[in-house]
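Peer 1: Would you mind keeping the following structure in view while I ask a few things?
Each value in this text was obtained by applying a stated rule to the coordinates, not by laboratory testing. Everything numeric here is computed off the predicted structure, so don't read it as measured data. Ideal geometry is used to build each Cβ from the backbone, glycine not excepted, and the neighbour counts take in all protein chains shown.
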Amino acid sequence: MNLELLGKHALVCGASQGIGRATAHELAGLGADVTVLARSVDALERVVAELPRRSSAQKHGYIAVDMGNHAELRARIEAVANVQAINILINNSGGPPGGQASTATTQAFHDAFNQHLIAAQTILQAILPGMQGSGYGRIVNVISTSVKEPIRNLGVSNTIRGAVASWSKTLATELGPFGITVNNVLPGYTRTQRLDQILADRARATGNSEEKIAESMLATVPLRRFAEASEIASVIAFLASPAAGYINGINVPVDGGRTLSL
């Protein structure tokens with residue numbers, strides 16, 4: 001199986017922690033030059049310092065930018081892509097706050113749309129010429145199992161994640177002729193700060209302890225445990241590899257069997 005990424009350049013968004021950080025490590029371990037993107041310079045510097053290097057030629061770097069500032073986001077990415085074409089894009093960003101869709105403000109939907117879909121489109125247009133020119137392209141969007149089954153009390157997130165999934169499926173058709181694949185990874189309950197936030201939000205909303213909330217969540221997972229970020233990252237890295245060259249336009253749940261739909 002060809003998982004080799006030597007000579008490939010990956011951009012990993014939301015890489016200062018959680019799934020993004022774990023993915024950066026997986027891709028670097030397979031030989032890719034990795035550029036990590038998030039807002040915090042200090043956190044990104046720590047991530048870059050810890051990334052594996054298989055040779056002295058392997059280069060890692062970072063882009064510290066707010067994904068909500070689309071003009072700056074595009075300019076910063078283009079500056080990096082002009083030096084070395086980006087072959088692999090991992091779209092990953094923290095989810096919107098919880099709550100019901102019916103009571104969410106229009107601004108909440110607007111903010112989430114900008115952070116996820118518009119930011120992803122901005123990044124795509126900055127790196128697409130390099131992907132097309134290099135003849136190798138992998139786009140993996142880290143979204144949510146909610147695109148198959150909406151998750152209770154995550155109304156804004158359910159809506160926006162669905163929009164990103166449809167955007168991705170459309171791109172898979174448009175970009176396939178260029179040898180560029182576009183796929184989605186749908187993490188289940190994963191040990192990240194996002195999970196901590198969900199547990200705290202549900203505990204406040206119900207008056208139950210976080211431990212009891214966690215027990216009820218795990219009761220819906222056949223494997224009866226939360227995922228580790230590295231387990232999600234392994235699937236993302238596979239989809240970014242040459243071995244996954246004929247996988248295009250799909251949603252891959254990585255959820256321990258929790259999603260009941262096919």
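Peer 1: Apply 1/(1 + (r/R0)^6) to the Cβ-Cβ distance of Met1 and Phe178, taking R0 = 30 Å, and write down the FRET efficiency to the nearest 0.05.
Peer 2: Computed FRET efficiency for Met1 and Phe178 comes out at 0.80.
Peer 1: What's the extension gain from Arg225 to Arg152 if we count 0.36 nm per residue and subtract their Cα-Cα distance?
Peer 2: So the chain would gain 24.3 nm between Arg225 and Arg152.
Peer 1: On a 0 to 90 degree scale, rounded to 10, what angle separates helix 119-134 from the longest Cα axis of the chain?
Peer 2: Helix 119-134 sits roughly 30 degrees off the main axis of the chain.
Peer 1: Considering only DSSP beta bridges where both residues belong to region 7-86, give the percentage that are antiparallel (nearest 5).
Peer 2: Here the antiparallel bridges make up roughly 0 percent for region 7-86.
Peer 1: In what order do Thr173, Thr181 fall by count of nearby beta-carbon atoms within 10 Å, going from fewest to most?
Peer 2: Thr173, Thr181
Peer 1: Can you show me the helix-derived [θ] at 222 nm for the chain, built from DSSP H runs with n ≥ 4 at -39,500 (n - 2.57) apiece and divided by the number of residues, rounded to the nearest 500.
Peer 2: When only DSSP H runs of four or more count, the value is -14000 deg cm²/dmol.
Peer 1: Ranked highest first by the average count of other Cβ atoms within 10 Å around their residues, in what order do 205-213, 144-152 fall?
Peer 2: Descending packing order for the listed peptides: 144-152, 205-213.
Peer 1: Placing unit charges on C-beta atoms (Lys and Arg positive, Asp and Glu negative, everything else neutral), compute the dipole magnitude of region 1-149 about its Cα centre in debye, rounded to 20.
Peer 2: It comes to approximately 260 debye.
Peer 1: Just to confirm my numbers, what's the Cα centroid distance between region 222-256 and region 128-172 in Å?
Peer 2: Centre-to-centre (Cα) distance: 14 Å.
Peer 1: So how do Ile198, Ile19 line up by other beta-carbon neighbours within 10 Å, fewest first?
Peer 2: So the ranking, lowest neighbour count to highest, is Ile198, Ile19.
Peer 1: Below 12 angstrom from the Cβ of Asn158, what's the summed charge of the other residues (Lys, Arg +1; Asp, Glu -1)?
Peer 2: With Lys, Arg at +1 and Asp, Glu at -1, the net is +2.
Peer 1: Mind ordering 125-134, 98-107, 68-77, 185-194 by average Cβ neighbours within 10 Å, highest first?
Peer 2: 185-194, 125-134, 68-77, 98-107
Peer 1: If neighbour count is taken as other Cβ atoms inside 10 Å, put Asp201, Asp33, Asp66 in order from fewest to most.
Peer 2: Going from sparsest to densest Cβ surroundings: Asp66, Asp201, Asp33.
Peer 1: For the pair Ala203/Ile247, report the inter-label distance in nm, with labels modelled 7 Å from Cα in the Cβ direction.
Peer 2: A separation of 3.5 nm, rounded to one decimal place.
Peer 1: Could you compute the net charge surrounding Gly245? Neighbours are other residues with a C-beta less than 15 Å from the C-beta of Gly245; K and R count +1, D and E count -1.
Peer 2: Residues close to Gly245 contribute a combined charge of +1.
Peer 1: Which value, in debye to the nearest 20, describes the size of the charge dipole of the chain about its Cα centre when Lys and Arg Cβ atoms bear +1, Asp and Glu Cβ atoms bear -1, and nothing else is charged?
Peer 2: That gives the chain a dipole magnitude of about 240 debye.
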